[in-house]
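First up is the structure itself, then whatever we jot down about it.
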Amino acid sequence: MSDLAHEPAVGHPEHESTGIENRKLGMWVFLSSEFLFFGALITNYLLYSNRSGFEGIYPAEIYDIPFTSVSSFVLLMSSLTMVLAHNALSRNDQNGARTWLFATAALGAVFLGGQVFEFTEFIVEYGMTLSTNPAASAFYVLTGFHGTHVAIGVIMLLSLWGISRRQGGLSEKHGLNLELVGLYWHFVDIIWIVIFTVVYLLSVPV
Amino acid sequence: MTSDQHDNHPTPAQYWKIAGFLALLTAIEVSLFYIDHALGLGIFNAIMLLGLSAVKFLVVVGWFMHVRYEKPVISRFFTAGFVLACSLYLVVLAALGVVAIRG
Amino acid sequence: MTATAERPTTTTIFRRPKSTSGLWGWITTVDHKKIGIMYGYAAFTFFIIGGVEALLLRIQLASANSEFLTAGAYNALFTMHGTTMIFLFVMPVGAAFMNYLLPLLIGARDVAFPRLNALSWWIFFFGGIFLYSTFIFGTSLPPITPGGISGNLAAGGGPGSFNFLAASPDGGWFGYQPNAGPLYSPGTAMDYWALGLQILGLASLISSINFIVTVFNMRAKGMRLLRMPVFAWMSTVVAFLLLFSLPIIAVALFMVTFDRQFGTLFFEPVGGGDPILWQHLFWLFGHPEVYILILPAMGIVSEVLPVFSRKPLFGYSAVIFAGAAIAFLGFGVWAHHMFASGITPVAQAAFGLATMTIAIPTGIKIFNWLGTMWGGRLKLSTPMLFAAGFVAMFTIGGLSGVTHSVVPSDWQQTDTYYIVAHFHYVLFGGAVFGIFAGLYYWFPKLTGRVMNPRLGKTHFWLQFIGFNLTFAPMHWLGLQGMVRRTWKYAPEAGLETWNVAVTIGAFIIALSIAVFMYNWIHSRRHGELSGLDPWDARTIEWTTPNPTPEYNFATPPEVTRLDHFWHLKYEEDEEGRAVRRAEADQVIADLEYDGLNPKHPIHLPAPSYFPIIMAMGLPLIGYGIIYHTATWGKVLIGVGVLISLSALIGWAIEPLEEPMDHGPEHDVDEFDEQIIEPSEEAEELVIDE
């Protein structure tokens, strides 16, 4: 029987029926809905990139595969630094956690920089804009939304890094937040794994 | 700390190895791309690339996102979303003529 | 002696709100019950507005070749009627019920994320206002032909009055492209529509995550999933439907906004865009959406029927699994809204077949409801009338729905009033009747009083007659060829007589709603006191005093079986009949006493400013996007982002509850003064109607 004098308050239940913290379960539930979001965008791209006869240049004609491979590698490695951050925190290595957090944010920023560079190339060099044709529209909106997700992730990572610096480390509450940001970050990475293959590698005409 | 259910938590060294494996797969993917453009692998290119991506996907989900060590309810949610998305959008792509359903 | 819930206090730079009553109490509340009440009042206001829009449509259609409305005004009215009723009435009223009841039904003190809950509400509130501000700010211009020449449709679309409405969204609640795109709906009205729905969708998505985590994690001891009340189950299913369908419409709305504002070519045939893609994406959301609209009402009916039949729900597990099956199958039938859009015969056959299968779980539910009533000792109180009305009316609507699943038949029915008849039978005869059943049933939990039974019955019969008079004729009007979404019909068509009947019916409905509103307002202050358990109910929300105390349960319940409360009161004799336990009245009196007199301090999440502030940023971003070509539009986007971001940061720093400060302030309102002695309340707890 629960001890009423020390009854746990709402928001910090000690006995969640699933045994998983509320916020963690919430993050997983949210991420599973994001499949529907990115799925629609990817479907949109597949539809239009496979329709011939549009005027103007198709994205697949101008992909820079070596460049994108490098930035894909960068994002993939940022998932490594993310788990290392989480791992460090679980061993109470606050400095290590902080370092790896910053590294993850840095790699994310490099990836974003690559995206910006790619978009600029496409627009300035090749004249492919949002309005060139539906395939171009689809490409920009898909990778644009993915990039926005990465940017939000970088902000969250830097926030945690900042909090850690100010407070000399992450408390238990923030420790959970690091895990949650990590889940989000890995998700953004796996979406890119799909995008890299389906949108880039498989799109370019032989 | 956070959930203490994992005694078989990967060590940092293991995480590095996993990352190396992922990097290797990526390198193979990119190589396949060039091989396909040189030799024309046909449908095998798509199958292998999708297969490699699937492996990378599952490795990140299983180890980095920790699903291997979590309670089943989490993988059920995640799988449900993924399966639903794939099913719905495959049907849409078929209806729009992008993919052909044989038979 | 009474230790009511303690409000934490704190001292930081910005003092945390402490008050739980008065205007600030409502603005900063994170209490699921208050949030539910606010949802309810807002939704009902939109119900009235949507109803007025419908009455204007009906006045126009009461005579052939009427010039009461211009074509443009007519289009705007049916667009906003549909949009309002679906997104601003039925969904939020469902949210009202789910917010108020879910924690009570599962034995919790609040939802998993109370501040997120408040955020959902405020996003909805501001989103609704943003959407409706189109009537003030929106513009709807004649279409632009591909050559850039303005079309020759007169502003407002022809002769007639009420032209001012013609500047509002007029692309239908379904926004078909490219009609609702930049070429054929220039001006800003459809941007208000698209961005308004985007904001509203976000509110529901956040809610769905909240409810799923609440149901999975916050159940009381012994409250296994298969012991939860049916309404809790239906709420969970709805949450999953929302979770997986809203992202799809979000993408679609982003795409149409980008088409309209940023020059993308997703749905513009001139540039190569595919209008059918819009239909797929919209209906991928749109079909699960209709199950989102009906399942809460089905849950309510599953709660009400057993109580007023004095029998357990027939086939509890079957009803639940049927609900889950309806939701699951509901994801697979969306293209039945596209049978006449040119999809392939294979697609038509597949979706037609899939649609027919949904009749199976639906039929299971209907038969189980009938089985619940069969052989029961029926008490025809107002909630029961509406619940029984639901079963009958929804069945009729479902039957016409089955006729739509036959593809060639659907080709005849599409775009006629036959379809209008179908969905109003399921949505009004179904969802709205169910909603009223719930409002009468749970009114005591909100107010501690019962609604007037005679007025309730008057409301029911007026609504029942008015509803059937309005929508039954639409079946044959449709089969006779009366076309939807068209502002006039010719006198030679012979449609006028029944259209007059329909319009009369619509006004009878309006009268019935007026009766309800009077009853509600009057009963809140002057209704007969309900006491605890006025309906001799089965589920644990009735173990708390009426109105529900702020902290819900003084002692978290421990549930031993389905219909736990019923079994505290009744046991079965050798023939399986319910016999009231000797100690039942004492049990109830003790529950009420304990409910008003918690033995120990109860911690509740503290109020917060941040949800409302964060929500305020979103419509500003919306306005900014619409007017982004102007500098002030861009500034507005920045301001909106800044407001929401700052609120987010403040929120992240603010703990859910503050460290306890002994001797906290709390506001005593009238109900705190009730002190119930066990012996007094042991008598006459059941209200006879």
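The values are calculated or read from the model by the stated rules, or taken from the named source; none is laboratory data. Treat the numbers as computed from the prediction; the structure is a model and nothing was measured. No Cβ is skipped: glycine too gets one built from the backbone with ideal geometry, and neighbour counts run over all protein chains shown.
The set of residues in the range A:27-39 being without any contact (Cβ under 8 Å) to a residue 40 or more places away in the chain and within 7 Å of chain B (Cβ to nearest Cβ) consists of A:VAL29, A:SER32, A:SER33, A:PHE35, A:LEU36, A:GLY39. Of the set (1) more than 15 Å from the chain's Cα centre (by Cα); (2) within 22 Å of C:HIS280 (Cβ to Cβ); (3) among the hydrophobic types (A, V, I, L, M, F, W, C), all apply to A:PHE35 but (1). Checked across the range C:258-267, the condition of being in contact with a Phe, Trp or Tyr (Cβ under 9 Å, 6 or more places away or on another chain), in a helix (DSSP H, G or I), in contact (Cβ under 8 Å) with a residue 24 or more places away in the chain and more than 10 Å from every other protein chain (Cβ to nearest Cβ) holds for no residue.
Rundown of residues vs (1) among the charged types (D, E, K, R); (2) touching a Ser or Thr at 6+ places or on another chain (Cβ under 8 Å); (3) within 29 Å of C:TRP24 (Cβ to Cβ), yes/no style:
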residue	(1), (2), (3)
C:TRP542	no, no, no
C:HIS564	no, yes, no
C:ARG580	yes, no, no
C:VAL587	no, no, no
C:TRP632	no, no, no
C:LEU636	no, no, yes
C:VAL641	no, no, yes
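Would it be correct to say that C:THR344 is buried (at least 24 other Cβ atoms within 10 Å of the Cβ), β-branched (Val, Ile, Thr) and farther than 21 Å from C:ALA239 by Cβ? Judged against the criteria, C:THR344 is not a match. Restricting attention to the range A:42-73 and to residues that are more than 10 Å from chain B (Cβ to nearest Cβ) and in a helix (DSSP H, G or I), the residue that is nearest to C:LEU116 (Cα to Cα) turns out to be A:TYR45.
Every condition in (1) touching a Gly at 6+ places or on another chain (Cβ under 9 Å); (2) among the hydrophobic types (A, V, I, L, M, F, W, C); (3) buried (at least 24 other Cβ atoms within 10 Å of the Cβ) is met by C:VAL290 except one, and the failing one is (3). Of note, C:LYS634 does not satisfy the criterion of being under 30 Å from C:TYR316 (Cα atoms) and either at pLDDT 85 or above or crowded, with 18+ Cβ neighbours inside 10 Å (or both). Take the range C:596-625 and flag every residue that is free of Cβ contacts under 8 Å to residues at least 60 places away in the same chain and within 14 Å of chain A (Cβ to nearest Cβ). Passing the criteria: only C:ILE621. Conditions: (1) under 30 Å from A:ILE62 (Cα atoms); (2) within 9 Å of chain C (Cβ to nearest Cβ); (3) without any contact (Cβ under 8 Å) to a residue 60 or more places away in the chain; (4) among the hydroxyl-bearing types (Ser, Thr, Tyr). A:THR148 meets all but one. Number of the miss? Among (1) under 30 Å from A:ILE62 (Cα atoms); (2) within 9 Å of chain C (Cβ to nearest Cβ); (3) without any contact (Cβ under 8 Å) to a residue 60 or more places away in the chain; (4) among the hydroxyl-bearing types (Ser, Thr, Tyr), the lone unmet condition for A:THR148 is (2). The residues on offer are C:MET190, C:MET234, and the sole one that is under 25 Å from A:ARG23 (Cα atoms), crowded, with 24+ Cβ neighbours inside 10 Å and either more than 7 Å from chain A (Cβ to nearest Cβ) or free of Cβ contacts under 8 Å to residues at least 24 places away in the same chain (or both) is C:MET234.
Within the range C:435-465, the set of residues being among the hydroxyl-bearing types (Ser, Thr, Tyr) and over 22 Å from C:ILE86 (Cα atoms) comprises C:TYR441, C:THR447, C:THR458. Screening C:HIS522 on (1) assigned to a helix (DSSP H, G or I); (2) surrounded by 18 or more Cβ atoms within 10 Å (Cβ to Cβ) shows it passes everything except condition (2). Quick check on C:ASP170: is it among the acidic types (Asp, Glu) and buried (at least 24 other Cβ atoms within 10 Å of the Cβ)? Answer is yes for this residue.
C:SER245: crowded, with 24+ Cβ neighbours inside 10 Å, outside any loop (DSSP other than H, G, I, E, B), more than 14 Å from chain A (Cβ to nearest Cβ) and among the hydroxyl-bearing types (Ser, Thr, Tyr), yes or no? Spelling it out, it is not the case that C:SER245 is crowded, with 24+ Cβ neighbours inside 10 Å, outside any loop (DSSP other than H, G, I, E, B), more than 14 Å from chain A (Cβ to nearest Cβ) and among the hydroxyl-bearing types (Ser, Thr, Tyr). Screening C:VAL319 against (1) surrounded by fewer than 22 Cβ atoms within 10 Å (Cβ to Cβ); (2) under 24 Å from C:PHE423 (Cα atoms); (3) of a type outside the set (Ser, Thr, Tyr) leaves a single unmet condition, (1).
Looking only at residues in the range A:178-197 that are under 21 Å from A:LEU47 (Cα atoms), facing chain B (nearest Cβ under 8 Å) and aliphatic (A, V, I, L, M), the one that is nearest to the chain's Cα centre (by Cα) is A:ILE193. For the range C:380-423, the set of residues classified as acidic (Asp, Glu) and either under 15 Å from C:ILE358 (Cα atoms) or surrounded by fewer than 19 Cβ atoms within 10 Å (Cβ to Cβ) (or both) consists of C:ASP415 only. Here the condition is being under 30 Å from C:ARG525 (Cβ atoms), modelled with pLDDT of 95 or more and not small (Gly, Ala, Ser); of C:PHE471, C:PHE436, it holds for C:PHE436 alone.
Would you mind stating whether C:THR372 is under 22 Å from C:VAL432 (Cβ atoms) and within 24 Å of the chain's Cα centre (by Cα)? In short, no. Being more than 8 Å from every other protein chain (Cβ to nearest Cβ) and of a type in the set (A, V, I, L, M) is the filter here, so list the residues in the range B:44-90 that pass it. Passing the criteria: B:ILE47, B:MET48, B:ALA54, B:VAL55, B:LEU58, B:VAL59, B:VAL67, B:VAL83, B:LEU90.
Screening C:PHE126, C:PHE78 for residues that are aromatic (Phe, Trp, Tyr), closer than 25 Å to C:LEU446 by Cβ and assigned to a helix (DSSP H, G or I) leaves exactly one candidate, C:PHE126.
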